[in-house]
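Q: One structure, pasted below without further comment.
Taken together, the values in this text are just the output of simple stated rules run on the coordinates, not laboratory data. As the structure is a computational prediction, the values presented were derived from the model and not from experiment. Note that we place each Cβ from the backbone using ideal geometry, even for glycine, and neighbour counts take in every protein chain shown.
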Amino acid sequence: MPASRQQVLRLYRNVLRASHEFEYYNFREYFLRKARRDFRAFKGEDNTEAYNDGLKQLGILRRQSMISQMYPFDKLVVERLDERHHEIGAALDASTSHN
């Protein structure tokens, strides 16, 4: 039985979420591009084999992102620093405490 459109969209969202879990910018961006490219290639096809392969790839992606989180990297110049990472907030706190 072919995967429904909702199942494919759910898989796509889960792959994007798992890709965002990578700490290292280059890995994160690579997997986001790969997910978009792969899902565009199968757009409109009722390919159960591709869907099952996507589920396997999602499992691998989740495991790799957990491993990636165990070894954090410094932020690269191209990455945006924001409140979520507390680096801007810490810098602002440090600058106001010296004044």
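Q: Could you pull out every one of the lysines with an alpha carbon less than 28 Å from that of Lys43, ignoring same-chain neighbours closer than 8 positions?
A: Within the straight-line cut-off, Lys43 pairs with Lys34, Lys56.
Q: Right, next: Restricting things to alpha carbons, tell me how big region 5-74 is in terms of Rg and Dmax, in Å.
A: Final numbers for Rg and Dmax: 12.6, 42 Å.
Q: For Leu61, Leu32, what's the fewest-to-most ordering of other Cβ within 10 Å of each Cβ?
A: The most exposed by this proxy come first: Leu32, Leu61.
Q: Let me ask you something else. Give, in nm to one decimal, the length gained when the segment between Val78 and Lys43 is fully stretched (0.36 nm per residue of separation minus the Cα-Cα distance).
A: Going from the current span to full extension adds 9.5 nm.
Q: Quick one: Tyr24, Tyr30, fewest Cβ neighbours within 10 Å first, how do they rank?
A: In increasing order of surrounding Cβ atoms, one gets Tyr30, Tyr24.
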